[in-house]
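The values are calculated or read from the model by the stated rules, or taken from the named source; none is laboratory data. Model, not experiment: these values are computed from the prediction. Because the Cβ atoms are built from the backbone with ideal geometry, glycine has one as well, and the counts that use them run over all protein chains shown.
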């Protein structure tokens, strides 16, 4: 079983369109502010692989809860965090895809705990087999391999970029759930991969406008890449 966790409906639904024999599996409901996140899993197949897909909700807390629920319910061999992200590097363009080798929380700052992708305190490894599979595939999408950073913040300010580049100069893109999912998987002994398609360039002013404009295309690109990985995993 492979579990795919997406923060948003658009990210989840893009992969659902590529699945067959899909059925709903109800899970525990989670409180989100004044409403409930219906943590439903959609279980089906991509190729010959059984896959469960869920919308976690946005942010690290809900991503952690969804990851734990998925591990308890399905005991997966791999969890993929799939979705969109903002570019942090000039070479990473909109609709490119970044596959993480390590993921870090760029806001995590504890005394005597070093920050950076070379720190085992604040960053966590991703599954090497996914990267090996990706490098053997012939794709019409630009693929980048490297570090992804996360925090409970949409990145759109110069001050955020400055903070990230100070401690994570190699970061290729930023998002809001990957580090929480990778940390939880590491703690629970489950393999994890974080795959993000670029929806916006955080180096550009008012990038949130392009985020909304490119969101659907970015989600579809990420889903197509993930489906190809799942078939070969």
Residue 188 meets each of (1) within 16 Å of residue 56 (Cβ to Cβ); (2) surrounded by 17 or more Cβ atoms within 10 Å (Cβ to Cβ) with one exception, condition (2)
Filtering the range 178-214 for residues that are modelled with pLDDT of 80 or more, touching a strand residue (DSSP E or B) at 6+ places or on another chain (Cβ under 9 Å) and in a loop (DSSP other than H, G, I, E, B) leaves a count of 2
Picked from the range 80-100 (must be farther than 11 Å from residue 195 by Cα and in contact with a helix residue (DSSP H, G or I) (Cβ under 8 Å, 6 or more places away or on another chain)), the residue surrounded by the fewest Cβ atoms within 10 Å (Cβ to Cβ) is 95
query: Got at least one residue in the range 62-79 being surrounded by 23 or more Cβ atoms within 10 Å (Cβ to Cβ), more than 18 Å from residue 43 (Cα to Cα) and either touching a residue at least 40 places away in the same chain (Cβ under 8 Å) or out of contact with any helix residue (DSSP H, G or I) (no Cβ under 9 Å at 6 or more places or on another chain) (or both)?
result: yes
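To keep it simple, each residue is scored yes or no on (1) under 14 Å from the mean Cα position of the chain (by Cα); (2) touching a residue at least 60 places away in the same chain (Cβ under 8 Å).
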{"position": "40", "(1), (2)": "no, no"}
{"position": "43", "(1), (2)": "no, no"}
{"position": "51", "(1), (2)": "no, yes"}
{"position": "54", "(1), (2)": "yes, no"}
{"position": "82", "(1), (2)": "yes, yes"}
{"position": "100", "(1), (2)": "yes, yes"}
Within the range 141-177, the residues that are out of contact with any helix residue (DSSP H, G or I) (no Cβ under 9 Å at 6 or more places or on another chain), closer than 14 Å to residue 222 by Cβ and in a loop (DSSP other than H, G, I, E, B) are 142
Here the residues within the range 117-136 that are touching a residue at least 24 places away in the same chain (Cβ under 8 Å) and either part of a strand (DSSP E or B) or crowded, with 18+ Cβ neighbours inside 10 Å (or both) are 117, 123, 124, 125, 126, 127, 130, 133, 134
Scanning the range 43-59 residue by residue, the ones that are modelled with pLDDT under 95 and touching a strand residue (DSSP E or B) at 6+ places or on another chain (Cβ under 7 Å) total 4
A careful count of residues in the range 147-162 that are more than 11 Å from residue 86 (Cβ to Cβ), modelled with pLDDT under 90 and crowded, with 16+ Cβ neighbours inside 10 Å gives 0
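Residues that are closer than 26 Å to residue 76 by Cβ and free of Cβ contacts under 8 Å to residues at least 60 places away in the same chain: does the range 176-183 have at least one?
Within the range 176-183 (the criterion being closer than 26 Å to residue 76 by Cβ and free of Cβ contacts under 8 Å to residues at least 60 places away in the same chain), the answer is no, since none of the residues qualifies.
Quickly run through the range 58-107 and pick out the residues that are more than 27 Å from residue 165 (Cα to Cα) and not in a helix (DSSP H, G or I).
Result: 75, 76, 77, 78, 79.
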